[in-house]
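What follows draws every value from the coordinates through simple rules; no lab data is involved. Here the structure is a predicted model, which is why all the values come from computation and not from measurement. A quick note on method: Cβ atoms are made from the backbone with ideal geometry, for glycine too, and the neighbour counts reach across all protein chains shown.
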Amino acid sequence: MKRPEFYVSISPHVHSGNSVQKMMFQTLMALVPVVFAGWFFFGLTALKIIFISMITAVVAEFLWEKIMGLPLRIGDGSSLLTGLLLGLVLSTECPWWMPVLGACVAVIIGKELFGGLGNNPFSSVLVGWTFLQVSYRDLMSSFVVPEPQFLLESSEYLVDPPLVVLKEEMDMIADVPWMDFLLGNVPGEIGTISVIAVILGGAYLLFRRIITWHIPVSFILSAWIIGLIFWLTDPEAYANPVYHIISGWVLLGAFFIATERGTAPVTVPGMILYGIGCGALTIIIRTWGGYMEGVPFAILLMNALTPLLDRIRPRAVGRVKKIA
Amino acid sequence: MKRIKGICNELAEKSDLYPTYKRLPLPKKVILPLGSFRREMAPLVKAGDKVIAGQRIGEDIEGVIPPVCASVSGKVLEVRPCLGFSGQEILSVVIESDGETNTKSVDENLQRELEDRDIIQLIFDAGIKETDQFYWPLPLRIAKPGLTSVIPSYQPFKTEPIDFLIINGMDRQPGVSVRRNALINREKDLLESIPVLQKVSNAGKIILTVYKDHPVPLDFEQKLKDLGVTILRCPSRYPIALEPLLVKFVTGRDIPLPMGNSRAVGTAVIDAITALRIVEAVKEGRISTETTVQVSAFSLGVNVHVTVAEGILLEELVEQLFPSLENLSKAVIGGSFLGYAQQNFKVPVTQEADVIVLQNADELSLYSNQPCINCGFCVRYCPMMLMPNELSKNCEYNRFDVAEKNDLFSCIECGICSYVCPARRPMVHLFRFGKQEILASKEES
Ligand code: SF4
Ligand code: SF4
C-alpha cells in the first residue's frame with residue numbers, strides 16, 4: 001500500500017501491536033505440547049487426523065468466503081485453530097473423512113454462517129464435534145490403547161477411555177497409576193488425555209494473557225466440588241472427583257474450548273458463573289446423562305447462556321445515584 | 001484506595017529518552033483562542049490595537065472562566081475564528097510580536113497582606129489554563145465555600161466543603177514527563193504553593209500524588225509532611241492520572257458522571273503545573289503567558305521540553321526545533337493516547353497542550369474496519385468498567401439509545417480499548433460519534 005504523505009486520525013495514536021493473528025498464533029503455540037502428546041501416544045495417525053482437519057478447515061473457510069463474496073479473513077488463523085482443536089478431540093480410530101466432514105461443519109455451520117469469527121454463538125469446534133458424535137456415535141466411541149513412542153510402556157490397565165470406565169466399572173479406575181493419567185497413557189481422544197500437556201499449554205495462554213484465569217479455574221473448581229458432593233454422598237457409586245478432572249476433556253475444555261472468543265462472557269462475574277455452570281453441568285451429564293462425555297455439551301449449553309451472562313455488567317465508575 | 005484497571009505505563013512506553021530542555025525565542029506570531037469551544041469569551045481588543053504581554057485581551061462576561069491575556073507584546077492583526085488544536089474553530093486573537101519583552105503584571109495588590117479573596121482574584125486574573133478538562137475552571141474549583149461570588153447561582157455544590165485537595169504530580173499518559181520534571185526541578189515553589197492552596201480551599205487534607213517510580217527526596221517529603229501534605233505513590237498505570245480515576249483511587253469516591261463535578265464528592269483536583277503557576281501568580285503577580293510542552297519524536301531520538309510563549313503556531317515550533325524535518329507522517333498535540341492529530345500546522349500550541357508527538361510512517365498505528373471478535377480485551381482493561389465492545393457496536397449500528405443507557409457518557413475516551421483491541425477497531429472514534437449524535441438529537445428535541 002502506498003501511504004499518503006500525512007495522516008490524521010482519531011486518538012489513540014499508538015497501539016499495543018496485538019492482533020487477531022497474533023492471538024491465534026499464540027493459541028496454536030500453546031497447543032504444541034498437546035499435539036506432541038498426541039503423537040507420542042498415538043503415533044503418526046494422530047498427526048494425520050490433525051493435519052487433515054486443519055487443512056480442511058482453512059480450505060472450507062476460503063471457499064465459503066470466495067463463494068459468498070466476503071472479504072478474505074483466513075489470514076487471521078482462526079480456522080487453523082478450529083481445525084487443530086477439532087483434530088485434537090477426535091479419536092485415532094476415525095477414518096479420514098470424519099475430520100473433513102467435522103471441520104467443514106465446524107467452520108461453515110459453526111462459524112461462517114453466523115458472520116465469522118466472534119459472532120458465532122456456539123463454540124465452532126464443538127459444533128463440528130457434536131455433529132460427528134451424533135451422526136457416527138459408534139465410530140466416535142472406539143478408541144485404541146496408546147502406544148508410547150519411547151520410554152513409557154503401553155498401559156495395560158484400561159481398554160476403554162477412563163470416562164467410560166468411570167461410568168461402567170468404577171472400581172477398575174483405582175488400579176490405574178496416577179502417572180498414567182497425568183501423562184495421558186490411557187485410551188481416549190488425541191488431545192484430551194494428557195493432563196500435563198494441556199496444563200502446559202494453558203499456563204502459556206495465561207502467561208501471555210490470551211485468557212484470564214476466571215473461566216478455567218472456576219470450571220475446574222466447580223467440577224471438582226460437584227464431583228465431591230456426589231462422591232461424599234456415596235463413594236461406592238460415584239467416582240473420586242479428581243478422576244473426573246484428570247480423565248480427559250475437562251482441562252482441554254476449560255483452557256481451550258470454553259474460552260473461545262465470542263462464545264464466552266467477557267465480564268468477570270459472567271466468566272465465573274459461566275465456568276461454574278460448565279463444571280457443574282459436566283459432572284451432572286457424566287453422572288446421569290447417556291453420553292460418555294459431558295464437557296462438550298456442558299460448554300454448548302453455557303454458550304447459549306452467554307448473552308444472558310454478559311448482561312451482568314460491572315458498575316461503571318461514576319454511576320452513582322442521582323445527586324441534585 | 002481502590003484498585004484501578006488500566007495498562008502499565010512501562011508497557012506502553014516506546015522509549016524513555018532522557019529529556020533535554022530548551023527555551024525558544026519569542027514567536028513571530030501567536031494565536032490565542034478566547035475560551036474553549038464549550039464557552040466563548042468576548043474580545044477586548046480589535047485589529048490594529050497595540051498590546052503588551054500580559055494585557056487582558058478577552059474575558060468571560062459572566063466571569064466564570066479566567067480571562068485570556070496576551071502572551072507577547074505587539075500588534076493585533078485580526079480577531080477571527082481560528083482552528084484550535086482540538087479541531088474546533090474558536091474565536092481567537094492573532095498577535096504579531098514586536099519583540100518587546102516588557103510584561104504587565106498585576107502588582108498593585110502585592111504590597112499588603114493578602115486576603116483570601118485577593119488570592120483568588122490573583123489566580124483568576126493570571127489566566128491559568130489547564131491540561132485536563134474539568135467541570136469548573138480553576139478558581140471556582142479550589143475556592144472554599146462562599147469565597148467567590150462569581151459562581152452563577154445555577155451551579156450545584158458551591159457550598160460543598162473541600163475534604164480532599166489533590167495535587168496531581170502524575171503525567172496524564174505514558175511517555176510524558178512534563179509534570180514529573182516540574183516537580184523534580186521546582187520543589188521549592190511547590191512547597192510555597194501549599195499554604196496558598198490551604199488558605200483558599202480550606203481543604204481537610206492536601207494530597208500530592210506521584211507515580212511509584214518518582215524520586216522524592218527525603219527532606220522534601222519531610223517538609224511536605226510538616227505542611228500537612230500526604231504524598232501518595234500511585235501505581236504506574238495509565239490512566240490513573242485522569243480526574244475520575246484519580247479521585248476514585250485516592251478517596252474511594254465516585255464522581256457522578258457524566259456531570260463530572262468532583263466537588264459533589266468533596267474533592268478538588270489540580271495538577272502540579274497549575275500549582276506552580278498559582279505560586280507565580282500569587283507571589284509575583286505574574287500572568288501566565290508561557291507554556292512548557294514536551295516535544296517527542298521518538299524516531300528521531302528527540303525528547304525535548306520546550307518553554308515558549310503561549311499560542312505559538314505548531315508550524316513555527318516544529319521549524320525552530322527541527323529545521324530539516326522530513327518523513328513526518330503525523331503530528332499529534334496532546335499525547336499519543338489523548339491527543340489530536342493535526343491536519344494543518346497553523347494551529348496554536350496553548351497551555352492546554354502538554355505534549356506534542358511527531359510520528360513517522362513506521363510509528364503510525366492504523367485502524368481497520370474489521371468486526372469485533374468479542375475477545376473481551378477491552379472489557380478487561382477499561383478503567384471505567386464499561387463494556388466497550390457492546391458500546392462500540394451500538395454506536396456503529398446507530399443504536400444510540402442503548403449506548404447511552406449503558407453509560408456511553410461515562411467513557412473518558414482514554415483510548416485503552418483501542419490500544420488493546422486485536423481487531424484494531426477505532427473505538428474512540430465510534431464513541432465520539434455516538435456522543436455527538438446523541439447530543440445533536442437532544443438539541444433538536
Ligand atoms: S475509551 Fe472509554 S470505553 Fe474505552 S477504555 Fe477508555 S473509558 Fe473505557
Ligand atoms: S478488544 Fe476489540 S475485538 Fe476484542 S471485544 Fe473489544 S472491541 Fe471486540
### Query
Points 7 angstrom from Cα along the Cβ direction at A:Phe51 and B:Lys405: gap in nanometres?
5.4
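With r defined as the distance between the Cβ atoms of A:Arg208 and A:Leu63 and R0 fixed at 45 Å, what FRET efficiency is calculated, to the nearest 0.05?
Working: r = 32 Å, r/R0 = 0.70.
After rounding to 0.05, the efficiency reads 0.90.
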### Helix-only CD estimate at 222 nm, as mean residue ellipticity for chain B, using -39500 (n - 2.57) per DSSP H run (n ≥ 4)
-8000 deg cm²/dmol
### Task
Report the charge-dipole magnitude of chain B in Debye, nearest 20, computed about the Cα centre from +1 at each Lys and Arg Cβ and -1 at each Asp and Glu Cβ.
940
### Query
Computed FRET efficiency, Cβ-Cβ of A:Leu44 and B:Arg3, R0 45 Å: what is it to the nearest 0.05?
0.35
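With r as the distance between the Cβ atoms of B:Leu227 and B:Asp163 and R0 = 22 Å, compute the FRET efficiency 1/(1 + (r/R0)^6) and round to 0.05.
Computed FRET efficiency for B:Asp163 and B:Leu227: 0.80.
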### Query
For the modelled label position 7 Å from the Cα of B:Lys28 along Cα-to-Cβ, which residues of region B:342-383 have backbone nitrogen atoms closer than 14 Å?
B:346
#### Entry: Electrostatic dipole magnitude of region B:29-97 [Cβ: Lys, Arg +1; Asp, Glu -1; Cα centre; debye, to 20]
160
### Summary
Among A:Trp178, A:Trp129, A:Val217, the residue whose Cα sits farthest towards the positive end of the charge dipole of chain A (+1 at Cβ of Lys and Arg, -1 at Cβ of Asp and Glu, taken about the Cα centre) is A:Val217
### Task
Using a 10 angstrom cutoff on alpha carbons, build the Gaussian network for chain A and name the most mobile of A:Ser141, A:Ser123, A:Ser16.
A:Ser16
### Query
Using 7 Å Cα-to-Cβ label points, what is the B:Lys346/A:Leu151 separation (nm, one decimal)?
7.3
#### Entry: Distant-in-sequence amide H partners of B:Leu208 (H built 1.01 Å from N, under 5 Å)
B:Ile167, B:Thr230, B:Ile231, B:Leu232
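What is the average number of partner chain Cβ atoms found within 10 Å of a Cβ in B:358-367? Kindly include the intermediate steps, with their values, before the conclusion.
On the way: counts 0, 3, 0, 5, 0, 2, 6, 8, 5, 3.
Other-chain Cβ atoms within 10 Å of each residue's Cβ, averaged: 3.
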### Query
List the cysteines of chain B that have no other Cys Cβ closer than 4.7 Å: which are they?
B:Cys8, B:Cys69, B:Cys82, B:Cys234, B:Cys372, B:Cys375, B:Cys382, B:Cys395, B:Cys411, B:Cys414, B:Cys421
### Query
Around B:Cys382, which amide H atoms from residues at least 5 apart in sequence, or from another chain, sit under 5 Å from its own amide H, with H modelled in the peptide plane?
none
### Task
Consider a paramagnetic label point 7 Å from the Cα of B:Leu77 along Cα→Cβ; state which residues of region B:293-315 have an amide N under 20 Å from it.
B:308-315
### Query
Applying the Karplus parametrisation 6.51 cos²θ - 1.76 cosθ + 1.60 with θ = phi - 60° to the phi angles of region B:21-33, what ³J(HN,Hα) value in whole Hz is obtained for each residue in order, glycine and proline being reported as x?
10, 8, 10, 8, x, 4, x, 6, 8, 10, 10, 10, x
### Query
Comparing A:Ile49, A:Ile199, A:Ile229, which has the greatest mean-square fluctuation in the GNM of chain A with Cα pairs linked when under 10 Å apart?
A:Ile229
## Note on the structure
Residue-normalised 222 nm signal for chain A, counting each DSSP H run of n ≥ 4 as -39,500 (n - 2.57), nearest 500 deg cm²/dmol, is -16500 deg cm²/dmol
#### Entry: Positive-pole candidate from B:Phe134, A:Leu273, B:Leu257, dipole of the protein assembly as shown, charges at beta carbon
B:Phe134
### Query
Between B:Asp219 and B:Tyr397, what length in nm is gained on full extension when 0.36 nm per residue of separation is reduced by their alpha carbon distance?
58.4 nm
### Label-point separation in nm, A:Tyr291 to B:Thr307, each point 7 Å along Cα→Cβ
7.2
### Task
Could you point to the residue in B:Asn168, B:Pro43, B:Leu26 farthest towards the positive end of the protein assembly as shown's charge dipole, with +1 and -1 charges on the Cβ of Lys/Arg and Asp/Glu respectively?
B:Pro43
### Task
Give the shape of chain A as rounded, prolate or oblate, defined through the alpha-carbon gyration tensor: a ≥ b ≥ c are the square roots of its eigenvalues, a/c under 1.5 means rounded, and otherwise the shape is prolate if a/b is larger than b/c and oblate if not.
oblate
### Message
Rounded, prolate or oblate for region A:20-140? Axes are the square roots of the Cα gyration tensor eigenvalues, ordered a ≥ b ≥ c, and the cut-off for rounded is a/c under 1.5.
### Response
oblate
### Query
Where is the GNM fluctuation largest for chain B (alpha-carbon springs, 10 angstrom cutoff): B:Cys69, B:Cys375, B:Cys411?
B:Cys375
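Size of the dipole of chain A about the Cα centre, Lys and Arg at +1 and Asp and Glu at -1 on the beta carbon, nothing else charged, in debye to 20?
Numbers: 19 positive and 22 negative charges, 466 e Å.
Magnitude of the dipole: close to 2240 debye.
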### Query
In the structure displayed, which of A:Lys66/A:Lys111; B:Lys212/B:Lys330; B:Lys28/B:Lys50; B:Lys75/B:Lys346; B:Lys46/B:Lys283 lie more than 22 Å apart, Cα to Cα?
B:Lys212/B:Lys330; B:Lys46/B:Lys283
### Query
Each residue of region A:308-318 in turn: what ³J(HN,Hα) in whole Hz from Karplus with 6.51, -1.76, 1.60 and θ = phi - 60°, glycine and Pro shown as x?
5, 5, 5, 7, 7, 9, x, 6, 5, 4, x
### Summary
HN-Hα couplings for region B:414-424 via Karplus (6.51, -1.76, 1.60; θ = phi - 60°), in whole Hz with x for Gly/Pro, come out as 6, x, 5, 4, 5, 4, 8, 5, x, 8, 6
### Message
List the residues, sorted by chain then number, that are 5 or more residues from B:Ile356 or on another chain and whose placed amide H is less than 5 Å from its amide H.
### Response
B:Gln294, B:Val295, B:Ser296, B:Gly334
### Cα gyration tensor category, rounded, prolate or oblate, for region B:29-97 with a/c compared to 1.5
oblate
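Over chain A, what is the relative contact order in percent, taking alpha-carbon pairs closer than 8 angstrom and at least six residues apart?
Numbers: 515 pairs, mean separation 54.4, N = 324.
Relative contact order comes out at 17 percent.
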